[in-house]
1. Regarding ARG92, is this residue over 15 Å from ASP130 (Cβ atoms), modelled with pLDDT under 90 and of a type in the set (Lys, Arg)?
2. Would you check if ARG30 is loosely packed, with under 14 Cβ neighbours inside 10 Å and closer than 28 Å to GLU98 by Cα?
3. Return the residue satisfying two criteria in turn: it lies in the stretch 1-37 and is in a loop (DSSP other than H, G, I, E, B) and of a type in the set (Lys, Arg), and of such residues it is nearest to PHE54 (Cα to Cα).
4. Within the stretch 69-80, count every residue that is among the charged types (D, E, K, R) and at pLDDT 90 or above.
Amino acid sequence: MNREIEFRGFDGTKWYYGDLEYNRKADVARIHTYKKDGSYDKQYSVNPDTVGQFTGMTDKHGVKVFEGDIVYVYDFTSIYASKYRGVVKMYRGSWCVEYKDSIFDMVAHPRLFFDDFADRKTEVVGNIHDAKQA
C-alpha cells in the first residue's frame with residue numbers, strides 16, 4: 001500500500017503541513033515542511049491539540065481531508081437520503097465521520113470509504129480548531 005503520510009498543525013496564526021515530530025513527555029509538536037523538490041525547508045512549533053493526520057482522501061472539490069475536519073456527507077444509499085454534518089475522526093482503526101443522529105439521539109461513526117469519495121459525496125466545510133477561533 002502506497003499512501004501519502006502528512007500532518008497539519010496550527011501555531012495560532014497559520015496552518016503548516018508536513019511531517020510531524022511529537023515529544024509526548026514535553027507535549028511539544030513540530031511540523032517539518034519541505035520544498036517542492038522534496039528537500040527539507042523549515043520546522044514550525046504548533047499547538048499539539050491542533051495536529052491532525054491526512055486521511056488519504058479528498059472531498060468532492062479535491063480538498064484534502066484531515067482528522068478534525070468538519071464535513072458534510074451526502075448519503076444517497078438509503079431511502080432516507082440526507083445530508084449530515086460531522087467531524088472526521090479515527091474510530092476503531094478506521095477514518096469515520098462522528099455525528100449526532102437526531103432520529104436515534106446517539107453518536108454515530110459511519111466509516112469513510114474510498115468509494116464514498118469517488119462518488120463525490122463528501123465536502124470539507126471547516127475544521128474544529130478554526131470553529132473554536134470564530
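1. Values: over 15 Å from ASP130 (Cβ atoms): yes; modelled with pLDDT under 90: yes; of a type in the set (Lys, Arg): yes.
Judged against the criteria, ARG92 is a match.
2. Numbers: loosely packed, with under 14 Cβ neighbours inside 10 Å: no; closer than 28 Å to GLU98 by Cα: yes.
It is false that ARG30 is loosely packed, with under 14 Cβ neighbours inside 10 Å and closer than 28 Å to GLU98 by Cα.
3. To start, the set of residues in the stretch 1-37 that are in a loop (DSSP other than H, G, I, E, B) comprises 1-6, 11-14, 24-27, 35-37.
So of that shortlist, the ones also of a type in the set (Lys, Arg) come out as 3, 14, 24-25, 35-36.
Values: ARG3: 10, LYS14: 17, ARG24: 20, LYS25: 24, LYS35: 19, LYS36: 18 Å.
Taking the candidates together, the pick is ARG3.
4. Residues of the stretch 69-80 that are among the charged types (D, E, K, R), as a first pass: 69, 75.
If we keep only those that are at pLDDT 90 or above as well, we get 69.
Residues in the stretch 69-80 being among the charged types (D, E, K, R) and at pLDDT 90 or above: 1 in total.
Quick grid of which residues meet (1) under 18 Å from the mean Cα position of the chain (by Cα); (2) modelled with pLDDT under 85:
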residue: TYR34; (1), (2): no, no
residue: LYS42; (1), (2): no, no
residue: PRO48; (1), (2): yes, no
residue: GLY56; (1), (2): yes, no
residue: GLU67; (1), (2): yes, no
residue: SER82; (1), (2): no, yes
residue: GLY86; (1), (2): yes, no
residue: PHE104; (1), (2): no, yes
residue: ASP115; (1), (2): yes, yes
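The values are calculated or read from the model by the stated rules, or taken from the named source; none is laboratory data. Not measured: the values here are computed from a predicted model. All Cβ positions, even for glycine, are placed from backbone atoms using ideal geometry, and neighbour counts span all protein chains on display.
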